[in-house]
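Inspection log for the structure reproduced underneath, given as structure tokens.
Read-outs throughout are calculated quantities, based only on the coordinates presented, and are distinct from any laboratory measurement. Since the model is a prediction, treat every value here as computed from it, not as a measurement. Backbone-built Cβ (ideal geometry, glycine too); neighbour counts: all protein chains shown.
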Amino acid sequence: MLKEIYKKIKKYDTIVIARHIGVDPDALASQMALRESIRKTFPNKSVYAVGSGSTKFNYLPKLDKQDEYQDALLIIVDTPDKKRIDVNNFDSFSDYIKIDHHPFVENFGGIEYIDDTASSASEIIYRLIEETPLVLDYDIARIIFLGMVSDTNRFLFNSSSNTFEVVTKLLKKFDLNLPELYSNIFMRPLNEVRLQGYISQNMNVTEHGLGWIKITNDVISKFGVDVGSAGNLINNFNYIEEVIVWVFISEDVKNNLIKINIRSRGPVINHVAEKYNGGGHRLASGAKVSCMEEAEALIEELEDVCKDYLEKMGDSNED
């Protein structure tokens, strides 16, 4: 199927690459690596990467402005469902390609390449480039590595032998500067570190191992961070013995909504996130709700998920 994707890319003179709303490093990296590779392979094509950006990820190339496109191919990366695609006028495009590593949610039309065993969308983009005539150079390899290391949290999660095979090939061929790359992703300002301490001190933990905290606009203002900072910190709480699922609820006054980040060390949580305008991976998902009452309802559902999980684990141990 990767060769079919290449043929479709070769066919169109105008190509737009989009990904999900609420950009993260893997979504942006897979988008940018593919854009740069297509541009360098086909210099006469018009290739654009679109969507809302973030100054947090200024170590990656810049996005293009959205426009009206005629007879254009839309490639969507790292996004399982239409409602989360960060692009204008989805239905105006002539053809579609989906490249994703999330579990299947819905068909976009056109070619769909989904591998939910891949560590990241960036890993799939590497495979696409490796198995077709698309160009791979140092700059593109650097972008792909940044996406992979970010989405796996330093290869702690969702990493397989295939993931490490890709990393080995990138390191052997391009001699990437790992300290510099890791610094780009994981360096934190002091105010975020202090916010992390606040979260540690104030997280609620239920009897069934659900850890959760509401981060109000007052807290965000107090620590001088933006609303996305809590989401950036959530992976740092993976090693609390008494917690198997943890949830950060962040008030976003600017957009009049509440962002929810969810992580798990066992219970499957993405089906709950999907009920609350979200979704994601089995053990890493997000949601967006309009009020705290909805967020509290989500917490109650996750508490039930944790309870069921512990009961099943107990039954399994007895066997």
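Summary of values
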quantity: Cα convex hull of the stretch 2-186, projected area averaged across orientations, nm²; calculated: 9.5
quantity: Nearest-0.05 FRET efficiency for residue 173 and residue 256, computed from C-beta distance (R0 45 Å); calculated: 0.45
quantity: Sequence of 200, 229, 120, 52 once ranked by neighbouring C-beta atoms within 10 Å, starting from the fewest; calculated: 52, 200, 229, 120
quantity: Sites matching chymotrypsin sites (Phe, Trp or Tyr not before Pro) across the stretch 226-257 that sit in DSSP coil, with at most 16 neighbouring C-beta atoms within 10 Å; calculated: 239
quantity: Compactness index (Cα Rg / 2.2 N^0.38 Å), the stretch 55-136; calculated: 1.17
quantity: For the stretch 22-83 versus the stretch 285-301, the gap between their alpha-carbon centres in whole angstrom; calculated: 30
quantity: Calculated from backbone phi, Karplus (6.51, -1.76, 1.60) coupling profile of the stretch 18-30 in Hz, x at Gly/Pro; calculated: 10, 8, 6, 5, x, 4, 10, x, 5, 4, 5, 5, 5
quantity: Cα lying deepest toward the dipole's positive end in the stretch 1-72, options 20, 9, 52, charges on Cβ; calculated: 9
quantity: Calculated [θ] (222 nm, deg cm²/dmol) that DSSP helices of n ≥ 4 give over the chain, each run adding -39,500 (n - 2.57); calculated: -13000 deg cm²/dmol
quantity: FRET efficiency, residue 67 to residue 161 (Cβ-Cβ, R0 45 Å, nearest 0.05); calculated: 0.60
quantity: Length released on extending from residue 90 to residue 191, taking residue separation times 0.36 nm less the Cα-Cα span; calculated: 32.5 nm
quantity: Relative exposure of 157, 108, 145, judged by other C-beta atoms within 10 Å (fewest first); calculated: 157, 108, 145
quantity: Label point distance in nm, residue 310-residue 83, each placed 7 Å from Cα along Cα→Cβ; calculated: 3.1
quantity: Cα-centre dipole for the stretch 2-186 with unit charges at Cβ (Lys and Arg positive, Asp and Glu negative), debye to 20; calculated: 380
quantity: Inter-site label distance for residue 4 and residue 290 at 7 Å from Cα along Cβ, in nm; calculated: 4.0
quantity: Which of 313, 32, 203 has the fewest Cβ neighbours within 10 Å, and the rest in rising order; calculated: 313, 203, 32
quantity: Zone of residue 46's modelled label, taken as backbone nitrogen in the stretch 64-106 under 13 Å from a point 7 Å along Cα→Cβ; calculated: 65-73
quantity: Within the chain, percent of DSSP bridges classed antiparallel, to nearest 5; calculated: 45
quantity: Angstrom value of the Kirkwood radius, inverse mean 1/r, which spans all Cα pairs in the stretch 163-293; calculated: 16.3
quantity: Extension gain (nm, one decimal) between residue 135 and residue 59, 0.36 nm per residue minus Cα-Cα; calculated: 25.3 nm
quantity: Quotient of C-alpha Rg and 2.2 N^0.38 Å, computed over the stretch 95-147; calculated: 1.21
quantity: Distant-in-sequence amide H partners of residue 98 (H built 1.01 Å from N, under 5 Å); calculated: 76, 111, 112, 113
quantity: 14 Å beta-carbon shell around residue 284, net charge (K/R +1, D/E -1); calculated: -3
